[in-house]
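Structure record follows, encoded as structure tokens.
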Amino acid sequence: MTRPDPQNGPEPVRTDRPRAAALRVLAEIVRAAGPVTIGVLTTALGGHPNTVRAQLQLLVEDGFAVEAPLPTSGRGRPALAYEATLAGTQVTMEEPGRDDHAALVEAVAEQISQSPDPVAAAHALGRSWGRRVAASGSGELFSILGAQGFTPQEIPEGIALRTCPLLESARENPDVVCGIHQGLIDALSPEPLELVPFAAPGWCLVRPRAAH
């Protein structure tokens, strides 16, 4: 695989996290799947609106959420609604300790790149990783990709991977790093899927494998 077009591909992951109280609010925003007001969040989470408002302010300041006025047809100040940013969605989907896993995979990928057949070794490692994840009962492909830091999003073509936990390494050595991720997908999906690295600006793509 040639070096990917630097204009294409996913975003790097955020490695910092909101504090626990703010993360709870952020998770509710992501669950709402659209602009959500303080009133709705307070109803869902309990507590006082001022407490929710304080956590929202932190999330906006740190780039995990954005605020925007809701459309209004009458007089008066429009209500504010909140949506998660890409980074906010990413950290909400991830499993605790994902950063440690990514560092280990990156180190292993570096070693694999020196092997006689790095592509085959990468696929084998990814499949082994996927089998272990599946045996742990961690969920189906979409949720596992989210837990590993890929921020998956369903689109008409398949599944867009909006962030990559190994983006710098993937750009330097796509055959190995993307090969590991292909092996992971192969082990987890009951249907034949292919990973298209750096498919477009903003994502890689997981799509049904074309019949030959």
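Observations on the structure shown:
- Helices (runs of 4 or more DSSP H) lying entirely in segment 103-212 (those with 1 or more residues that are of a type in the set (S, T, N, Q) and closer than 20 Å to Met93 by Cβ): 141-147
- Selection status of Ile29, in contact with a Gly (Cβ under 8 Å, 6 or more places away or on another chain), in the same structural domain as Leu70 (by TED's automatic domain parsing) and surrounded by 17 or more Cβ atoms within 10 Å (Cβ to Cβ): yes
- Residue list for segment 39-67, filter: exposed (fewer than 11 other Cβ atoms within 10 Å of the Cβ) and within 27 Å of the chain's Cα centre (by Cα): Glu61
- Screening Leu193, Leu188 for residues that are touching a strand residue (DSSP E or B) at 6+ places or on another chain (Cβ under 8 Å), within 24 Å of Asp117 (Cβ to Cβ), in the same structural domain as Ala109 (by TED's automatic domain parsing) and not basic (Lys, Arg) leaves exactly one candidate, Leu193.
- Within segment 4-61, the residues that satisfy the criterion of being among the β-branched types (Val, Ile, Thr) and within 30 Å of Arg171 (Cβ to Cβ) are Val13, Thr15, Val30.
- Residues of segment 14-35 that are part of a loop (DSSP other than H, G, I, E, B) and under 18 Å from Glu67 (Cβ atoms): Pro18, Ala33, Gly34, Pro35.
- Within segment 50-102, tally of residues that are in a loop (DSSP other than H, G, I, E, B) and modelled with pLDDT of 95 or more: 4
The values are calculated or read from the model by the stated rules, or taken from the named source; none is laboratory data. All values reported here derive from a predicted model rather than from experimental measurement. Cβ sites come from the backbone with ideal geometry, for glycine too, and all protein chains shown count toward neighbours.
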